[in-house]
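Here's the structure, in structure tokens; my notes come after.
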Amino acid sequence: MSIPRLNGVIRALESGGPAFVCMSNFDIARAQEIAGDPYDGMAFEMEHNPYDIKGLRDCLQYMLDPRRIAKTGSVAPPVTPMVRIPPNGGEMNQWIAKQVLDIGVYGIIWPHVSTVEEARNAVAACRYPRPREAPRFEPPGLRGDSPRNAARYWGVSQQEYYERADVWPLDPKGEILVAIMCEDPAGIANLPKMLEEVPGIGAVIVGEGDLSQSLGLPRQYDHPTVTAAIDEILAICKAHGVACGHPHIDRNNIVEAIERGFRWLMPKPERSNHALELGRSTARKQSGN
């Protein structure tokens, strides 16, 4: 029996539309609430929060809804859990990627990736090793082998997990999404080579805060220098067919962001979800549905 697509963020990007992803702290009640909202994915924040692998595990478990699984017959989570990990790209801490993947997340956001080497490490850390003659060998995998917990969380056998636990779009069947954050002028300058030389990058997210800091204009997001840098990142992503992410989305700018071509949108969770509803409505109009 074929396994349907499990990663909702990848599903949204494959369809050509935007993916809506929210950021969350480690709070069980919040995780349960967001798991019932119409997001495609949720990224647990570890970069600016403590590294808490137990908190991550607990939140993932409480996101599961047995009643929904029984009703739909699908183990695919309605909101796909991912993590923004703490290390900057240059720190290359593969062990943190290994731990969060072994818990069962479907994707990792890597902060501060500024070089081809750092981008290659981000992808390699999310892949299992394979023989050099195997298809899609590059970049060679660095992830240690311990799939039991992740396979169980995904609801698949270990062999099925091996078949699906590769990075997309390098592996069209892959369910793991690698997103890198572009947050400084060096990252912008090297971004074309990253996307040309490192297969497996699923999205590039603009790090507006750190980018504006590195330009000497902290959080002055409307300054022409900052907007020009963001426009350059977006243009590079479009040229290479890679989704570009906008991290600061609300009801005031979501329509503009979609119209400009951002395909990874991060509206803040709201009780009313006005931004999310507006974004989905705009996306449907763009697609003609």
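See the values below:
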read-out: Answer from Val83, Val75, Val79 - the residue that is under 20 Å from the mean Cα position of the chain (by Cα), in contact (Cβ under 8 Å) with a residue 40 or more places away in the chain and farther than 25 Å from Ile205 by Cα; value: Val75
read-out: Residues (in a loop (DSSP other than H, G, I, E, B), at negative phi and touching a residue at least 60 places away in the same chain (Cβ under 8 Å)) located in region 135-168; value: Glu138, Pro139, Val156, Ala165
read-out: Test: Val105 is buried (at least 21 other Cβ atoms within 10 Å of the Cβ), out of contact with any Asp or Glu (no Cβ under 9 Å at 6 or more places or on another chain), part of a loop (DSSP other than H, G, I, E, B) and not charged (D, E, K, R); value: yes
read-out: Check on Val83, of a type in the set (Val, Ile, Thr), crowded, with 18+ Cβ neighbours inside 10 Å and in a loop (DSSP other than H, G, I, E, B); value: no
read-out: Long-range neighbours under 9 Å by Cβ, at least six apart or interchain, first residue assigned to a helix (DSSP H, G or I) within region 114-126, second of a type in the set (Phe, Trp, Tyr) and crowded, with 24+ Cβ neighbours inside 10 Å; value: Glu118/Trp110; Ala119/Trp110; Asn121/Trp110; Ala122/Trp110
read-out: Residues of region 108-138 satisfying the condition of being surrounded by 23 or more Cβ atoms within 10 Å (Cβ to Cβ) and small (Gly, Ala, Ser); value: Ser114, Ala119, Ala122, Ala125
read-out: Residue count for region 147-206, restricted to those that are farther than 29 Å from Asp231 by Cβ and β-branched (Val, Ile, Thr); value: 2
read-out: Every pair of residues 6+ apart whose Cβ atoms lie under 8 Å, when the first sits in region 242-264 and is at positive phi while the second is at pLDDT 95 or above and in a strand (DSSP E or B); value: Gly261/Cys244
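The values are calculated or read from the model by the stated rules, or taken from the named source; none is laboratory data. This is a predicted model, so every value here is computed, not measured. Every residue, glycine among them, receives a Cβ derived from its backbone with ideal geometry; neighbour counts consider all protein chains shown.
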